[in-house]
1. Cα to Cα, under 19 Å, and not fewer than 8 places away if on the same chain: which lysines meet these conditions relative to Lys214?
2. For Arg50, list long-range residues whose amide hydrogen, built 1.01 Å from N in the peptide plane, is under 5 Å from its own amide hydrogen.
3. Can you work out ³J(HN,Hα) from phi for every residue in the range 25-30, in order, using Karplus 6.51 cos²θ - 1.76 cosθ + 1.60 and θ = phi - 60°, giving whole Hz and x for Gly and Pro?
4. Which of the peptides 89-97, 318-326, 231-239 is most tightly packed, and how do the rest follow, going by the mean number of other Cβ atoms within 10 Å of each residue?
5. Please arrange Ile308, Ile64 by counting, for each residue, the other beta carbons lying within 10 Å of its beta carbon, fewest first.
6. Just to verify a number: FRET efficiency for Glu329 and Leu185, C-beta to C-beta distance, R0 = 56 Å, to 0.05?
7. Could you name the aspartates and glutamates whose alpha carbon sits less than 13 Å from that of Lys124, not counting residues in the same chain fewer than 8 places away?
8. Classify the chain from the C-alpha gyration tensor, please: rounded if a/c falls under 1.5, else prolate or oblate depending on whether a/b exceeds b/c.
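What follows is calculated from the coordinates using simple rules that are stated; it is not laboratory data. None of the values given here were measured: they were computed from a predicted structure. Cβ atoms come from the backbone with ideal geometry, glycine included; neighbour counts cover every protein chain shown.
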Amino acid sequence: MAVSLFASSLEAYKPRLAEALAQVVDAGRYILGPEVEAFEEELARYLGARHCVGVGNGTDAITIALRALGVEPGDEVICPSFTFYATVEGAVNAGATPVYCDIDPHTFCVTPETVRAAMTPRTKAIVAVDLFGNVAPTDELAELGVPVLEDAAQAAGARLREGMAGALGDAATFSFFPSKNLPCLGDGGAVVTDDDEVAKRARRLRFHGSDDKKTFVEVGYNSRLDEMQAAVLRILLPELDGWNASRRAAAQSYARHGLGEYAELPEPAPGAEHVYHLYVVRHERAGRLRDVLAARGIGARAYYRTPIHRQPATAGYAPAGLELPGTDEAARTHLALPMGTQLSDGAVREVVQACASGST
């Protein structure tokens, strides 16, 4: 039985999605209309935040959020190197100099200690990535005294203690790329914040640096969540908690069937409620395990074998001799196994059996 990496499907929602899209067409409002406004209000309410600003994608969200937080060209922004490239790309596009920090290889997230080690007098912000659906210790990072931007692109619906991922820092960003826990049908993103001024500036920046479409007070971006995607997201947002419950059930099934005997299981950060955007284990021979699974028709893959501080476009920001041992260990040993909202117990058992054969 073949098992794909992403087992979820939107098939059951097609009639409702088609109806919502047809209504947008009939209304003739495609840019910053009632669907975007309603979704912004609904997501902010779900997260317990004051403001949500819909933007074109998650990468733009990072750039816009950092600028809205006051980051200017030449400022330093601390970022993990073990993350998707867009985290650092968004900081560079804001004019910042990225400073790479290490992670805890067990949680795949930054820690107060790894961030503190990278701070300098020029540090203007910290980007804390909620990687793979885990939640970075954003509340503890706030004690370091500089603004914290939570990159929650992979953690919609997760929690840290009493707060929702995406409402933990001075601002947060989301991506609604189709593979995310909360997806749309293309590109889409959002900036979330409790700060009125940060929200106001983010709204200005997403629309060419203008508040009124007539006077342009700064150079901004053409980056707006469109009505079509907002209509889709309004239908799917109420499903998010149920989908995440299915992901957690699949993760529990992996543990119950004994996967921990053959690989190191994902470890929620202290106080975090993981949502398993990806189910990422660690294994000393991750490449061999991937090949064993592939031979059985089971999709598994590594995501960040080459960390950002070694990528051609961004290696130049790393000082000579930079050592990030947690990052290197995570990059070498991680492997994403099948995960999704429709992953059956039988499919999980098959994956575990294949991992067992790959560990002999």
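1. Lys200
2. Thr193, Asp194
3. In residue order, the calculated couplings are 4, 5, 6, x, 10, 10 Hz.
4. Descending packing order for the listed peptides: 89-97, 231-239, 318-326.
5. Values: Ile308 25, Ile64 30.
Ascending Cβ contact count within 10 Å gives the list Ile308, Ile64.
6. In this case the efficiency is close to 0.90.
7. Those aspartates and glutamates meeting the cut-off are Glu72, Asp75, Glu76, Asp170.
8. Cα axes put the chain in the oblate bin.
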